[in-house]
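First comes the structure, then the notes that go with it.
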C-alpha cells in the first residue's frame with residue numbers, strides 16, 4: 001500500500017517504525033511524537049488491528065455552535081477590513097463568501 005492511500009488517523013509501519021497519518025504529507029511517530037514528511041508514493045504496511053482503534057471518533061457539532069463560531073470569525077474579518085480602509089469591494093466579497101458558506105452549511109444538513 002502507498003502512503004497516499006491511507007486515511008488520516010490510520011496507523012502504519014514504515015521501515016520498522018509505527019506512525020499515524022496526520023495529513024496528506026505528514027505522519028506522527030508513535031513512540032516519539034515527532035512529525036515526519038512522508039512521500040505520497042512511500043510503500044507502507046497498514047496496521048489493521050490498530051487502524052480502526054486509532055481513527056479519531058466522529059463528533060457531531062451542533063449547527064448553532066458552528067454558526068456562533070462562524071459569526072465571530074466573520075465579525076473579526078469585517079473589523080480587520082475596516083482597519084485596512086478598503087473601498088467596499090472586499091466587504092462585498094466577504095459577504096458573498098459568507099452567503100456561500102451558510103448556503104453550503106444549510107444544504108449539507110438537509
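Taken together, the values in this text are just the output of simple stated rules run on the coordinates, not laboratory data. Please read all numbers here as calculations on a predicted model, not as lab measurements. Heads up, the Cβs are rebuilt from the backbone with ideal geometry, glycines too, and the neighbour counts pull from every protein chain shown.
Students often get this wrong, so try it: which of (i) -0.68, -1.09; (ii) -0.53, -0.98; (iii) -0.73, -0.95 is log10 I(q)/I(0) by the Debye sum over Cα atoms at q = 0.13, 0.21 Å⁻¹ as calculated from the structure shown?
Entry (iii).
Rounded, prolate or oblate: pick one for the stretch 60-106, where a ≥ b ≥ c are the square roots of the eigenvalues of its C-alpha gyration tensor, a/c under 1.5 means rounded, and failing that, prolate if a/b is larger than b/c, else oblate.
Values: a/c = 5.45, a/b = 1.87, b/c = 2.92.
Oblate, since a/c reaches 1.5 and b/c is not below a/b.
Could you give the length gained on full extension between residue 22 and residue 34, defined as 0.36 nm per residue of separation minus the Cα-Cα distance, in nm?
On the way: separation 12, 0.36 × 12 = 4.32 nm, distance 1.11 nm.
Stretched fully, the residue 22-residue 34 segment lengthens by 3.2 nm.
Summing -39500 (n - 2.57) over the DSSP H runs of n ≥ 4 in the chain and dividing by its residue number, what mean residue ellipticity at 222 nm do you reach, to the nearest 500 deg cm²/dmol? Display every interim value, and only then the final one.
On the way: 3 runs with 50 residues, N = 110.
Per the formula, -15000 deg cm²/dmol.
To test your reading of the geometry: what angle, between 0 and 90 degrees and rounded to tens, separates the Cα axis of helix 63-84 from the longest principal axis of the chain?
Helix 63-84 sits roughly 60 degrees off the main axis of the chain.
In percent, how large is the relative contact order of the chain, given Cα pairs closer than 8 Å and 6 or more residues apart? Could you put the intermediate results ahead of the total?
Numbers: 110 pairs, mean separation 23.1, N = 110.
Relative CO of the chain lands at 21 percent.
Would you calculate the separation in nanometres between label points at residue 68 and residue 13, each defined as 7 Å from the Cα along the Cα-to-beta-carbon direction?
4.7
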